[in-house]
């Protein structure tokens, strides 16, 4: 991926007006999510139809705005709510490929200590 894999990922599950661009999304992150838009975290926004997603990301000296629009089908977002949801990088990958990111489970983490 373009961004580091250790970034926190926050999904705002309430649909937003997709005419909003970087400046409006920055205000949404600061005012509604109560987060710092320049933290390096990824902030995900969905549209009403669940066919589009935007990702806002601060990269050292400027903002990136990534946009995906599905030509067929819909993205499987969690239920609409006012609370942001933290996702893992695996969940982000599942979401972007059309899988239900809230119902897939990660394999348990293994703490390897014996090496041959």
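With springs connecting C-alpha atoms under 10 Å apart, model the chain as a Gaussian network and identify which of 13, 79, 37 has the largest mean-square fluctuation. Judging by the Gaussian network model, the answer is 79.
The C-alpha atoms of the chain define a longest principal axis, and helix 22-31 lies at about 70 degrees to it. Would you kindly calculate the translational diffusion coefficient of region 9-96, applying Stokes-Einstein with the Kirkwood radius from alpha carbon pairs, for 37 °C and a viscosity of 0.692 mPa s, and quote it in µm² s⁻¹ without decimals? So the translational diffusion coefficient is about 251 µm²/s.
Each reported figure results from applying straightforward, stated rules to the coordinates on display, with no laboratory input. In this text, all values refer to a predicted model and were calculated from it rather than measured experimentally.
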